[in-house]
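The values are calculated or read from the model by the stated rules, or taken from the named source; none is laboratory data. This structure is a prediction, so every number in the text was calculated from the model and none was measured. Reconstructed Cβ throughout: ideal geometry from the backbone, glycine too, with neighbour counts over all protein chains shown.
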Amino acid sequence: MKIKGELGFDAADNFFISAGRINLLKAVAETGSISQAAKHVGLSYKAAWDAIQVMNEVSESPLVLKKTGGAGGGGAELSPYAVRLVASYDLVNNKLSVIMSEIQENIHDLDDLLIALRRLSVKTSVRNQYFGKIKEINLGQVSAEVIIAIKGGDEIAARITKTSVERLGLKVGGEAFAMIKASSVIIADPSVKDKLSVRNFLTGSVEDLDAGEVNAFVTIKLEGGSELTGVITKESLAALNLKKGGKISGAFKASSVIIGVND
């Protein structure tokens, strides 16, 4: 993957003078005509005219001026302010190109970095969040079961509507997030696995205990390396006799799993 950067000028709160508009200004300087400049950059005359009008309006000083006289009866030219603006753009853009090249040469795992940044950009109030690949999609008449493989070999099954599968563009092998609220996680002894009617039953060891006046948050270090947090009452905490490092499981329904994807 090649990294790119684009330079532009923030001329007003709602308007950005981009590289494309700078190229339009350069074309006006070269051709002396808005119509010829439009052809040069692949715009219609109206689109070029509108862009120039807006740039003139939002800039500190007009960028394109009417040019009177000449064989064609007049045309357009850049103002001294626009000439300085274009020159400044070229200077900074050349520096930016050098920086981008250095980044490209020194970041060898760019693809992995960008994937990580996309994952980190997701913000949610849900405590348990996992990123993985879709292993299976089992379609029913109305709903679908989506199985996501997370790190370490653990799997999470989610029950969502068929419409959601289509809307999210879910496919086997594709990437997805699985999110479960801590309040939806049942903390249980591993021995009761066959006695609970829940689709997901993940086992690990007690990583952390955070007891409040009424409830306690129990964080489980799953066998695959991920963490799962659930909420139980202080009475249940005492009954389970939980201690850090002790074996414990977290169970939750497939319908409690929220599925998300990056755009």
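Note on the range 41-69: among residues that are at pLDDT below 80 and assigned to a loop (DSSP other than H, G, I, E, B), the one that is farthest from the chain's Cα centre (by Cα) is G69. For beta carbons closer than 6 Å, sequence separation of 6+ or different chains, a first residue in the range 89-111 that is within 22 Å of I17 (Cα to Cα) and surrounded by 10 or more Cβ atoms within 10 Å (Cβ to Cβ) and a second that is small (G, A, S) and at pLDDT below 75, the qualifying pairs are L96/G5; M100/G5.
Quick grid of which residues meet (1) touching a helix residue (DSSP H, G or I) at 6+ places or on another chain (Cβ under 9 Å); (2) among the β-branched types (V, I, T); (3) closer than 13 Å to N128 by Cβ; (4) outside the structural domain of A178 (by TED's automatic domain parsing):
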{"residue": "F201", "(1), (2), (3), (4)": "yes, no, no, no"}
{"residue": "V206", "(1), (2), (3), (4)": "no, yes, no, no"}
{"residue": "D210", "(1), (2), (3), (4)": "no, no, no, no"}
{"residue": "V214", "(1), (2), (3), (4)": "yes, yes, no, no"}
{"residue": "F217", "(1), (2), (3), (4)": "yes, no, yes, no"}
{"residue": "I220", "(1), (2), (3), (4)": "no, yes, yes, no"}
{"residue": "S226", "(1), (2), (3), (4)": "yes, no, yes, no"}
{"residue": "I232", "(1), (2), (3), (4)": "yes, yes, no, no"}
{"residue": "E235", "(1), (2), (3), (4)": "no, no, no, no"}
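Restricting the range 230-263 to residues that are part of a loop (DSSP other than H, G, I, E, B) and of a type in the set (A, V, I, L, M, F, W, C) leaves a set whose member that is modelled with the lowest pLDDT is V261.
Would you pick out the residues in the range 167-226 that are outside any strand (DSSP E or B), of a type in the set (V, I, T) and buried (at least 19 other Cβ atoms within 10 Å of the Cβ)? Residue satisfying the conditions is V185 alone. Considering every residue within the range 191-199, establish whether at least one is over 18 Å from L237 (Cβ atoms) and within 30 Å of the chain's Cα centre (by Cα). Yes: the range 191-199 contains one or more residues that are over 18 Å from L237 (Cβ atoms) and within 30 Å of the chain's Cα centre (by Cα).
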